[in-house]
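Below is one structure; the comments refer to it alone.
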Amino acid sequence: MNEQKPTIPELFLSPYNPQDHEDKIYKLWHESGYFNPDNLPSERTEQFSIVMPPPNANGSLHAGHALFVTVQDIMLRFERMRGKKAVWFPGADHAGFETQVVYEKKLEKEGRSRFQMTREELYAEILDFTLANKSFMEGQIRSLGASCDWSRELFTLDDKVVKIVYDTFKQLETDGLLYRGARSSNWCPKHQTSFSNLEVEHEERTEPFYYFKYGPFVIGTARPETKFGDKYVVMHPDDKRYKDYEHGQKIEVEWINGPITATVIKDEAGDPEMGTGVMTITPWHSGIDFEIAKRHNLDYEQVIDWRGKLLPIAGEFAGMDIRDARKKIVEKLEAKGLVDHIDENYHHSVPCCYKCGREIEPQIKEQWFVHMKPLAEKALIALDAKKFSFVTERDERVFRHWLTNIDDWPIARQIAWGIPIPAKVCDDCGHGMVDLENNLTTCTKCGGGVHQDPDTFDTWFSSGQWPLCVTDFGGESDDFKNYYPTSVMETGKDIIFFWVARMIMLGLYRTGEVPFKKIYLHGMVRDKHGKKMSKSKGNVIAPSEIQEKYGTDALRMALIVNNVPSTDMNLDPDKVNAYKKFANKLWNITRFVLDNTTDYEPPIEHTPEDVAFENEFLHPMVKEIHEHMDKDRFDLAAEKIYHFVWDHFASTVIEESKPLLATEGAIRASRQRMLHHYLVTSLKLLHPFMPFVTETIWQELPEKMRDSDILMVAPWPFNPDV
RNA sequence: GCGCGAUUAGCUCAGUGGUAGAGCGCUUCAUUGACAUUGAAGAGGCCGGAAGUUCGAUCCUUCCAUCGCGCACCA
């Protein structure tokens with residue numbers, strides 16, 4: 001018969017298979033209640049809080065999501081193990097314009113269009129779509145191991161959010177920081193909405209530049225299709241070539257559709273170096289022209305409609321799409337002998353919609369703006385006073401530059417999917433009035449009738465107040481008191497202006513405090529050759545597929561090692577595979593340790609040799625790893641741990657232990673204790689990075705080895721204060 | 001136009017004022033051994049170019065080249 005000898009858990013006899021354990025382990029964590037800081041031991045007093053950037057609930061998670069979940073989860077798990085009262089606030093974003101675009105594409109595939117629906121119908125459909133995606137997406141976040149507190153989850157359309165956003169809107173009006181005015185706005189003829197400057201991309205193009213005869217002048221333009229209404233000719237007051245012309249002088253000009261009377265305007269915006277130094281202006285379709293027109297109180301008229309078609313002012317060209325019109329107009333001018341010459345190699349940048357690439361058409365539009373200068377100045381003062389800081393100083397410079405040159409922010413979007421703007425607009429004078437109670441019936445300025453503003457907020461206006469919302473600012477819980485300002489804001493550097501800057505300014509505005517103390521920005525995840533992932537290139541790496549093939553821990557390690565803060569990184573499946581092997585290595589280390597310590601009974605004294613060994617190698621390595629963690633260099637910490645486990649623990653400690661374990665007595669027992677110590681230390685150090693495999697192993701360890709039932713809340717193996 | 005970053009092994013990228021590192025790939029060998037999701041050994045780099053600071057530079061300074069990115073209402 002077989003001898004009855006203690007044995008190791010059977011699961012270590014086969015390789016580590018992530019699929020068998022991940023769901024169960026997440027459930028264990030979740031049911032432990034420790035995601036919620038209220039359930040952590042009450043002696044924990046120091047707080048650590050992070051607001052999760054709420055993912056857009058309009059699709060599945062991409063590699064960038066996996067990266068931020070990983071980085072933030074590492075921070076949370078590290079701080080939680082260090083003994084802090086750690087909380088991570090999860091959420092989901094309705095993502096106004098982004099989601100509406102996704103939904104419109106879906107409609108298009110079904111042969112439908114948003115323009116055939118009422119706003120209410122569209123809103124209701126997108127809401128269903130978004131909520132379905134939201135729960136799908138939350139499942140994916142869980143699968144990545146996110147140790148966030150789901151009991152505190154918030155959606156950007158929840159009442160709590162809307163209330164805070166509306167209060168801010170009202171307060172901005174009260175403080176004179178909000179205005180409604182006619183200004184040049186970035187209009188996308190396809191999406192039928194205006195944008196802030198941030199949503200406009202500038203595309204470098206080489207196009208013809210046309211010189212037309214305009215009375216006695218030659219004017220240059222890249223956009224002949226806008227020129228129908230041009231009746232002002234502008235030049236610099238000091239341009240000697242035109243000293244014989246006086247400001248206000250009328251001249252007769254034969255133009256596209258016949259003779260017109262033009263007026264000479266002397267304005268410093270006229271650049272003598274540019275072209276002939278003379279230009280005509282189209283205030284309705286050019287921001288700079290609009291400024292000139294305002295300075296001189298000039299007339300202006302819309303030439304291109306909201307869909308990008310020419311209006312009746314264009315005469316025979318009326319109704320023509322501007323993309324077709326340019327060539328035809330030049331042909332006509334040519335026929336009339338009004339083309340002076342054409343420069344075919346004009347290099348310039350053209351504003352385009354960041355989403356569809358269609359040329360942005362500047363249009364004069366009445367809308368809401370937030371006066372940003374005062375808000376930006378306060379943010380800069382807070383930065384100077386070190387109320388918050390960037391992990392990478394390069395981002396701080398970029399941030400400063402943008403805030404210093406900030407424009408007013410158009411916060412309205414002409415789309416259905418979003419938080420409605422609680423305001424009335426006067427039918428007569430166009431005056432805008434914030435109306436939270438929804439009871440204004442007459443204009444507060446002229447007494448005229450009013451109508452509801454049909455627009456919705458720029459999604460960044462509400463998400464700019466997100467830290468206030470998740471911490472329940474003005475609410476009944478203690479979260480705001482306990483967790484605001486939060487410890488760290490971790491997000492992509494691509495939204496430093498869209499989101500980070502706005503959160504700082506609006507958080508500071510509402511509460512007097514910047515919503516986070518530290519800003520850690522990560523770069524973009526690219527494919528293994530450094531190319532941007534895109535559906536059209538077919539190089540998109542879906543986290544869920546990688547997780548299935550290599551395990552979540554392996555994906556997390558691959559996303560972290562060599563990933564320098566604020567720098568783009570490449571994701572190579574081969575690299576993920578390397579960390580899959582690593583998880584298995586750890587698995588087999590455990591098998592070896594358990595196999596060789598079944599008879600080990602602590603407590604036992606280390607031999608002097610083993611004490612010396614740990615002092616020489618183990619302790620300095622742990623310290624070094626800790627210091628990388630403490631400085632937010634998780635990339636370096638992860639790599640160190642990898643080598644600690646593989647090269648030091650496995651290749652050195654275990655190999656050298658083999659002969660010692662073959663002996664009897666104190667030497668063997670001391671080595672057994674050392675193996676336990678190394679294994680426990682490795683699991684703890686590695687847990688923030690590879691939470692699933694480490695917790696799976698932890699749960700199988702004999703009680704005598706563990707100082708906590710759950711590794712997630714086990715004490716971190718290094719304390720700098722001791 | 002203004003600003004920023006990069007240039008290190010075949011590929012993708014870390015890193016350091018003092019004989020150069022990782023992953024993958026490659027070569028050779030080993031293997032009833034905790035682990036073939038393995039082990040051992042190895043090949044492979046004037047650390048973009050030029051000048052400077054220094055006892056010493058891949059690292060600091062300046063210039064140049066190439067690539068990439070951000071910001072920007074120039075007709």
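Pairs of Cα atoms under 8 Å, at least six residues apart: use those to get the relative contact order of chain A, whole percent.
16
So which GluC sites (Glu not before Pro) in region A:232-268 end up in coil per DSSP with only 15 or fewer other C-beta atoms within 10 Å? Write out the running numbers ahead of the final one.
Values: sites: A:246, A:252, A:254, A:268; in loops: A:246, A:268.
Sites meeting the loop and neighbour criteria: A:246, A:268.
Please say if region A:206-281 is rounded, prolate or oblate, where rounded means a/c under 1.5 for a ≥ b ≥ c the square roots of the C-alpha gyration tensor eigenvalues, and otherwise the choice is prolate for a/b larger than b/c and oblate otherwise?
Numbers: a/c = 1.97, a/b = 1.13, b/c = 1.75.
Since a/c reaches 1.5 but b/c is at least a/b, the shape of region A:206-281 is classed as oblate.
Please identify the GluC sites (Glu not before Pro) of region A:577-673 that satisfy two criteria: DSSP loop assignment and at most 12 other Cβ atoms within 10 Å. Which are they? Could you put the intermediate results ahead of the total?
Numbers: sites: A:605, A:609, A:614, A:616, A:624, A:627, A:639, A:655, A:656, A:664; in loops: A:605, A:664.
Answer by residue number: A:605, A:664.
Here are some pairs, A:134/A:387; A:190/A:424; A:549/A:640; A:535/A:684; A:518/A:581; A:386/A:493; which of them have Cα atoms lying more than 31 Å apart in this structure?
On the way: A:134/A:387 34 Å; A:190/A:424 27 Å; A:549/A:640 25 Å; A:535/A:684 39 Å; A:518/A:581 35 Å; A:386/A:493 20 Å.
Checking Cα-Cα distances, A:134/A:387; A:535/A:684; A:518/A:581 exceed 31 Å.
Just the accessible area per residue of chain A, please: how many Å² with a 1.4 Å probe? Before the final figure, lay out each step's value.
Values: 31500 Å² over 722 residues.
Accessible area per residue: 44 Å².
Taking the Cα centre of chain A as origin and charging only Cβ (+1 Lys, Arg; -1 Asp, Glu), how large is the dipole, in debye to the nearest 20? Before the final figure, lay out each step's value.
Values: 87 positive and 113 negative charges, 160 e Å.
In total the dipole reaches around 760 debye.
Please label the shape of region A:584-722 as rounded, prolate or oblate, based on the square roots a ≥ b ≥ c of the eigenvalues of the alpha-carbon gyration tensor (a/c under 1.5 means rounded; beyond that, a/b larger than b/c means prolate, else oblate). Write out the running numbers ahead of the final one.
On the way: a/c = 1.66, a/b = 1.40, b/c = 1.19.
Prolate, since a/c reaches 1.5 and a/b exceeds b/c.
Run through region A:205-296 and list the trypsin sites (Lys or Arg not before Pro) located in a DSSP loop whose Cβ has at most 13 other Cβ atoms within 10 Å.
Numbers: sites: A:205, A:213, A:227, A:231, A:240, A:241, A:243, A:250, A:266, A:294, A:295; in loops: A:231, A:243.
Sites meeting the loop and neighbour criteria: A:243.
Which order do the peptides A:394-404, A:302-312 come out in when sorted by mean C-beta neighbours inside 10 angstrom, highest first?
Values: A:394-404: 15.3, A:302-312: 17.5.
Sorting A:394-404, A:302-312 by mean packing, highest first, produces A:302-312, A:394-404.
For residue A:334 paired with residue A:44, estimate the spin-label separation in nm (one decimal), with each label point 7 Å from Cα along the Cα-to-Cβ line.
With each label placed 7 Å out from Cα toward Cβ, I get 7.4 nm.
Out of A:132, A:151, A:538, whose Cα points farthest toward the positive end of the dipole of chain A (charges: +1 Lys, Arg; -1 Asp, Glu; placed on Cβ)?
Ranked along the dipole, the leading option is A:538.
Based on the alpha-carbon gyration tensor of region A:265-358 and its eigenvalue square roots a ≥ b ≥ c, which shape applies: rounded if a/c is under 1.5, prolate if not and a/b is larger than b/c, or oblate?
Numbers: a/c = 1.30, a/b = 1.14, b/c = 1.14.
Taking the square roots of the gyration eigenvalues as a ≥ b ≥ c, region A:265-358 is rounded.
When only C-alpha pairs under 8 Å and at least 6 residues apart count, what is the relative contact order of region A:537-630, in percent?
Working: 32 pairs, mean separation 20.3, N = 94.
Relative CO of region A:537-630 lands at 22 percent.
If you average the C-alpha positions of region A:361-440 and of region A:79-128 separately, how far apart do those two centres end up, in angstrom?
First find each Cα centre; the distance between them is then 22 Å.
Please identify which residues in region A:494-534 have an amide N closer than 18 Å to a label point set 7 Å out from the Cα of residue A:396, following the Cα→Cβ vector.
A:496-497, A:500-501, A:504-505, A:514-522
Stretch residue A:197-residue A:20 to full length: gain in nm at 0.36 nm per residue minus the Cα-Cα span? Kindly include the intermediate steps, with their values, before the conclusion.
Numbers: separation 177, 0.36 × 177 = 63.72 nm, distance 4.91 nm.
The residue A:197-residue A:20 span can extend by a further 58.8 nm.
Relative contact order for region A:344-470: what percent, with Cα pairs under 8 Å and sequence separation of 6 or more? Please list the in-between numbers first.
Working: 139 pairs, mean separation 26.3, N = 127.
RCO, region A:344-470: 21 percent.
Taking 0.36 nm per residue of separation and subtracting the Cα-Cα distance, what length does fully extending residue A:207 through residue A:664 add? Could you put the intermediate results ahead of the total?
Numbers: separation 457, 0.36 × 457 = 164.52 nm, distance 8.59 nm.
Roughly 155.9 nm would be gained on extension.
Tell me, what % of the accessible area of chain A is carbon and sulfur with a 1.4 angstrom probe? Don't skip to the answer; put the middle values down first.
Details: 15520 of 31500 Å².
Carbon and sulfur atoms account for 49 percent of the accessible area of chain A.
Would you be so kind as to identify which of A:461, A:434, A:451 lies farthest towards the positive end of the dipole of region A:407-462, taking Lys and Arg as +1 and Asp and Glu as -1 on Cβ and the Cα centre as origin?
Value computed over the given set: A:451.
Work out, in µm²/s and without decimals, the Stokes-Einstein translational diffusion coefficient of chain A at 20 °C, 1.002 mPa s, Rh from Kirkwood over C-alpha pairs. List each step's numbers first, then the result.
On the way: Rh = 29.6 Å.
Translational diffusion coefficient: 72 µm²/s.
What dipole magnitude, in Debye to the nearest 20, does region A:27-83 give about its Cα centre under +1 on Lys/Arg Cβ and -1 on Asp/Glu Cβ? Don't skip to the answer; put the middle values down first.
Working: 5 positive and 6 negative charges, 28 e Å.
The dipole of region A:27-83 has a size of about 140 debye.
Quick one: putting +1 on the C-beta of Lys and Arg, -1 on the C-beta of Asp and Glu, what dipole do you get for region A:291-353 around its Cα centre, in Debye to the nearest 20? Walk me through the intermediate numbers first.
Values: 10 positive and 12 negative charges, 37 e Å.
The dipole of region A:291-353 has a size of about 180 debye.
If a paramagnetic tag sat 7 Å from the Cα of residue A:171 along the Cα-Cβ line, which residues of region A:453-481 would have the backbone N under 16 Å from that point?
Output list for this probe position: A:461-476, A:480-481.
Order A:51-57, A:33-39, A:80-86 from most to least packed using the mean count of other Cβ atoms within 10 Å.
A:51-57, A:80-86, A:33-39
The values are calculated or read from the model by the stated rules, or taken from the named source; none is laboratory data. Just so we're clear, the structure is a prediction, and the values are computed from it rather than from any experiment. No Cβ is skipped: glycine too gets one built from the backbone with ideal geometry, and neighbour counts run over all protein chains shown. Side chains included, ligands, DNA and RNA excluded: accessible areas come from the protein's heavy atoms. Shrake-Rupley method; radii C 1.70, N 1.55, O 1.52, S 1.80 Å.
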